[in-house]
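Notes follow once the structure below has been shown.
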Amino acid sequence: MTYLFNILQDAFFAAIAGVGFASISNPPRQAYKYCALIAALGHATRYVLTHNPYGEMHLIGASIVASLVVGVLTVFLASRAKCPAETFSFPALLPMIPGMYAYRAIEALLFCLTNAEEAAFNHYFYLLAYNGLTCAFIVLGMVTGATVPIFLFKNTSFKATR
């Protein structure tokens, strides 16, 4: 029961963040519900894959799969809302940005620059590499996962703006 509650809670807060990020770009009013739905389903997909009791997936792979879900949903819901698919995909992906990995990478970089001891420098350089590469691959996977469905379903995605 708590696992289902955690999934719903994750989806709820992702929907709020998706609507907040969508409001920055000033989409049509009917687009907000689609932004919330896509952000919630994408983030919940990533949560289920990373917290599955039967086998957890790494955050990079789960983010790629979740962004593919976001990409497919945006292509097929864009024609319904009569908006470009990017109107929904970017606000839905922003809650999945790995902010803590980016923060920890910058923090490790600063500690790297301020420590003169070799052991401390190597430790913080390891943290910089781990967190920086994790952040970079998550963002790269999210971009790839969200744009591949737009190119695969080209006829469907470009009908939305006609």
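The numbers here are math on the coordinates, done by the rules we state, and not lab data. All figures in this text were calculated on a predicted structure; none of them were measured in a lab. A quick note on method: Cβ atoms are made from the backbone with ideal geometry, for glycine too, and the neighbour counts reach across all protein chains shown.
Among the trypsin sites (Lys or Arg not before Pro) in region 1-98, those located in a DSSP loop and surrounded by at most 16 other Cβ atoms within 10 Å of their own Cβ are R29, K82. Its alpha carbons give the chain an Rg and a Dmax of 18.1, 62 Å.
The relative contact order of the chain comes to 28 percent, based on Cα pairs under 8 Å that sit 6 or more residues apart. Phi-derived couplings, Karplus 6.51 cos²θ - 1.76 cosθ + 1.60 at θ = phi - 60°, listed residue by residue for region 133-145: 5, 4, 4, 5, 6, 5, 5, 4, x, 5, 5, 5, x Hz, with x used for Gly and Pro.
For the chain, modelled as a GNM whose springs connect Cα atoms under 10 angstrom apart, the maximal fluctuation among I150, I97, I38 occurs at I97.
Extending 7 Å from the Cα toward the beta-carbon at both A129 and H58 defines two label points whose distance is 1.5 nm. For the residues P149, P91, P53, a GNM of the chain with alpha-carbon springs under 10 Å puts the largest fluctuation on P53. Considering the options Q9, P84, L128, tell which one lies farthest towards the positive end of the dipole of the chain, charges being +1 on Lys and Arg and -1 on Asp and Glu at the Cβ, about the Cα centre. Positive-most Cα among the choices belongs to P84.
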